[in-house]
Structures are given as C-alpha cells and as structure tokens.
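One structure is given here, and the rest of the page talks about it.
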Amino acid sequence: MSDFDEQLLSSQIVFTGRLLTLRIDSVRLPDGREGTREVIQHPGAVAMVPLIGDDVILVRQWRQPLARELLEIPAGTLNPGESHEACADRELREEIGYAPGGLTKLAAVALAPGYSTEILQIYLAEDLTPSRASQDADELVLAERMPLAEAVRLAQSGGIDDAKTVVGILLAAARNPRRPEA
C-alpha cells in the first residue's frame, strides 16, 4: 500500500451505454478525507501504425465530441473476449482495407487515467496486404497515405493533435533508424 492509495467506500453505476459505463465512486483518501470520483469504465482498445515502406496510412474522420475532423492512426475498441491482435486485424481491414502480416507492440498507455479505465495497446503493423474494407455502419473514415516523415512533422507541429496518433507515430519513427527520427 502506497501513500497515495485511496480506499473505495462505495460505487454506483449511473449510466450504461453501448461502449462505456459511468460509475461514481466514494473514496477515503490516505489522510482520512473523503472524496468522489467519476469513472468511465471502458473495455480497452487497440491502435495501429500501419507502415508500407516509409509511408504510414492514417484515417481522417469526424469526431463529434470535438465537433471537427481528425487525422488519426486506425484504432478500435475491443469486443468482449477479443484479443488485441484480433481487434487490430479487424480494425485495419475495416478502416484502411489492409491485413497486417506482422504486429509489434509499441506501448500500452492509459489515455485519461483521471477519469477512465481505458488502456490502449499501440502496435506497429507491417507487411500489409490488401484486404476488402467494410467500414462500420455508423462511421465514415477516409484512409490517407503519407510519408512517415510528414506524419512526424505534423505530430511535432500540432498538425496532428490526437494523443494516440502522436504517440504511435513518434514511437514508430524512433524504432527504426532508417525511418525519420522523432
């Protein structure tokens, strides 16, 4: 037990949706005070940096919470019982029309640990082969291929501001000395 551990006193689910659950936790802090935590329960997700040679394939899509389009690496939420690799394969086929020949884990990151349980697994996807794309019925994504060096420049200059995409691109670029350095 660390000096920062909080003791859970009670927990109440206040919303359950298709993708997430919201709960309110009452906690006791180490110094005896009590507090409330709003927690989004999320099943976890995967994101992939798909590379073809020195190019990366990104997806452009509308993100309603921000009310604008973003340029991102392909990603998706885990289905119940689905492995990270199976989710990566499914999402790459759906979003960019490629199947990965190889997946290498780059990182596991907590996207918003102040209020969410979501852990995102980030993979490098290589040896891609064309596969029939079939997007989810409720999303519209456009695949865009660009040099990884350009994606690094955009990530470093704020032209790409999606956290998973910035992290994935910079990790992929730093991984291989032939490729642009982050």
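Based on the Stokes-Einstein relation at 25 °C and a viscosity of 0.890 mPa s, and on the Kirkwood radius from alpha carbon pairs, the chain is assigned a translational diffusion coefficient of 137 µm²/s.
Pairs of Cα atoms nearer than 8 Å and 6+ residues apart set the relative contact order; for the stretch 1-64 it is 23 percent. Taking 0.36 nm per residue of separation and subtracting the current Cα-Cα distance, fully stretching the chain between PHE15 and GLN156 would add 47.0 nm. Within a Cβ distance under 11 Å of PRO100, other residues only, what is the Lys/Arg minus Asp/Glu net charge? Result for the neighbourhood of PRO100: -3.
With contributions of -39500 (n - 2.57) from each DSSP H run of at least four residues, the per-residue ellipticity at 222 nm computed over the chain stands at -6000 deg cm²/dmol. The angle separating the long axis of helix 84-96 from the principal Cα axis of greatest extent in the chain is about 50 degrees. Taking chymotrypsin sites (Phe, Trp or Tyr not before Pro) as exposed when DSSP calls them loop and at most 16 other C-beta atoms lie within 10 angstrom, the chain has its longest site-free stretch at 5-114. Can you tell me how the stretch 1-52 classifies by the Cα gyration tensor, rounded, prolate or oblate, using a/c under 1.5 as the rounded cut? Since a/c reaches 1.5 but b/c is at least a/b, the shape of the stretch 1-52 is classed as oblate.
Close amide H contacts of HIS42 (hydrogens built in the peptide plane, cut-off under 5 Å, sequence separation of 5 or more or a different chain): THR117, GLU118. Sites count as exposed loop sites when they are trypsin sites (Lys or Arg not before Pro), lie in a DSSP loop, and have at most 14 other Cβ atoms within 10 angstrom; the longest stretch of the chain without one is 34-131.
Just so you know, all these numbers are worked out from the coordinates, no wet-lab data involved. Just so it is clear, the structure is predicted and the values come from calculations on it, not from any experiment. When we count neighbours, we look across all protein chains shown, and the Cβ atoms used for this are built from the backbone with ideal geometry, even at glycine.
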